[in-house]
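Q: Please find one structure pasted underneath; my questions will follow.
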Amino acid sequence: MKLKTAGRKLLQEKGITGLTVREACRVAGVNTGMFHYYFGSKDEFLKAVLKEMYAEFMLNFRAGVAVAGTPRARLKNALAEVGKFARSVRNAAPMIFADLAYGKKEAFTFVSGNFTEHIQHIAALAEECRPDSLLKGHSIPFMIAAMVSVMIFPVLIAGVLGRNGVRTVGGKTLEELRDEVLSDAGIAERAEIALRGTGL
């Protein structure tokens, strides 16, 4: 559908707060009446767009964890896919996390109902890997927190810095830093770092 395609484009460019119904309709080439007929509100539209993006992510995620190889290799693939998904929603992610942090129940209900399937897969792979890990004395949620944060936190920080007008960090421009951290190669390296951090 043209509207959801427009929504994805605008979400990545402007984030949740910058995406407006009028702009989505303009980019899609439809009138607001059609928008309201299909979605009713901006919130419902955003949910539909994010669900579609998550569904695509899960296709790639399942393919990554289904490949032949060791549990460690499959776990690394899974973490890399999480990093790529975080990159794809980087302009929306800070607002989603802010809503969760401020206790907005609708945000929690939406995220817990739609964005958790991959965690179950990561938990199963972490369980397979745990005997060889430095974290074998810790719970699976502890392991997941240690690994997944490496994939998500840099994306959130990049978004926060950009929104606050920061241009350089550690002698690099923010754009150079984004290229380093958010490229496929950078994501793969962070997945490796996440695993090594657990002793795998």
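Bear in mind these aren't lab numbers, they're just calculated from the coordinates by the rules spelled out. As the structure is a prediction and not an experimental result, all values here were calculated from the model. A quick note on method: Cβ atoms are made from the backbone with ideal geometry, for glycine too, and the neighbour counts reach across all protein chains shown.
Q: Report the dimensions of the stretch 37-145 along its three principal axes from the alpha-carbon atoms, largest first, rounded to Å.
A: Reported extents, whole Å, longest axis first: 52, 30, 20.
Q: Give me, ordered by chain and number, the residues 5 or more places off residue 169 or on other chains with an amide H under 5 Å from its own placed amide H.
A: 174
Q: Let me ask you something else. When all alpha-carbon pairs of the chain are counted, what percent fall beyond 29 Å? List each step's numbers first, then the result.
A: On the way: 6033 of 19900 pairs.
The proportion of pairs with Cα distances above 29 Å equals 30 percent.
Q: Determine, for each peptide in 189-197, 99-107, the mean count of other beta carbons within 10 angstrom over its residues, then list the peptides with the highest first.
A: Numbers: 189-197: 17.2, 99-107: 11.8.
Ranked by mean Cβ neighbours within 10 Å, highest first: 189-197, 99-107.
Q: About the Cα centre of the stretch 1-40, what is the dipole size in debye to 20, counting +1 per Lys and Arg Cβ and -1 per Asp and Glu Cβ, all else neutral? If you can, show how the numbers build up before the last one.
A: On the way: 7 positive and 2 negative charges, 18 e Å.
Its charge dipole is roughly 80 debye.
Q: Suppose every Lys and Arg Cβ carries +1 and every Asp and Glu Cβ carries -1, with no other charges. What dipole size does the chain come out with about its Cα centre, to the nearest 20 debye? Walk me through the numbers on the way to the answer.
A: Working: 27 positive and 20 negative charges, 75 e Å.
Taking the Cα centre of the chain as origin, the dipole is about 360 debye.
Q: At 222 nm, what helix-only mean residue ellipticity would the chain give, in deg cm²/dmol to the nearest 500, using -39500 (n - 2.57) for each DSSP H run of four or more? Could you put the intermediate results ahead of the total?
A: Working: 11 runs with 154 residues, N = 200.
Value at 222 nm, helices only: -25000 deg cm²/dmol.
Q: With a point put 7 Å past each Cα toward its Cβ, work out how far residue 2 is from residue 188 in nm, to one decimal.
A: That separation, rounded to one decimal, is 3.9 nm.
Q: Now, a different point. Using 0.36 nm per residue of separation minus the Cα-Cα distance, give me the extension gain between residue 37 and residue 70 in nm, one decimal. Don't skip to the end; give the middle numbers.
A: Working: separation 33, 0.36 × 33 = 11.88 nm, distance 4.86 nm.
Separation in residues times 0.36 nm, less the Cα-Cα distance, equals 7.0 nm.
Q: Within the P(r) computed for the stretch 1-86, what percentage of the Cα pairs occupies the region above 15 Å? All intermediate terms of the calculation are to be shown ahead of the outcome.
A: Numbers: 2231 of 3655 pairs.
That fraction is 61 percent.
Q: Could you give me the ³J(HN,Hα) list for the stretch 114-124, computed from phi with Karplus coefficients 6.51, -1.76, 1.60 and θ = phi - 60°, whole Hz, x at Gly and Pro?
A: 10, 10, 10, 4, 5, 5, 4, 5, 5, 4, 5
Q: Can you list the HN-Hα couplings for the stretch 177-186, worked out from phi with the Karplus curve (6.51, -1.76, 1.60; θ = phi - 60°), rounded to whole Hz and with x for Gly and Pro?
A: 5, 4, 4, 6, 7, 9, 5, 4, 5, x
Q: Let me ask something else about it. Quick check: residue separation of residue 51 and residue 95 times 0.36 nm, minus the Cα distance between them. What number comes out in nm?
A: Numbers: separation 44, 0.36 × 44 = 15.84 nm, distance 1.60 nm.
Roughly 14.2 nm would be gained on extension.
Q: How far apart, in nanometres, would the label points at residue 116 and residue 20 be if each is projected 7 angstrom from Cα along the Cα-to-Cβ direction?
A: For residue 116 paired with residue 20, the spin-label model returns 3.7 nm.
Q: Ok, one more. Apply the Kirkwood formula to the stretch 158-200: the hydrodynamic radius equals the inverse of the mean of 1/r over all pairs of different alpha-carbon atoms; give it in Å with one decimal. Could you put the intermediate results ahead of the total?
A: Values: mean 1/r = 0.0874 Å⁻¹.
Kirkwood hydrodynamic radius for the stretch 158-200: 11.4 Å.
Q: Determine the relative contact order of the chain: mean sequence separation of Cα pairs under 8 Å and six or more apart, normalised by residue count, in whole percent. Each step should come with its number before you reach the end.
A: On the way: 186 pairs, mean separation 46.0, N = 200.
Relative contact order here is 23 percent.
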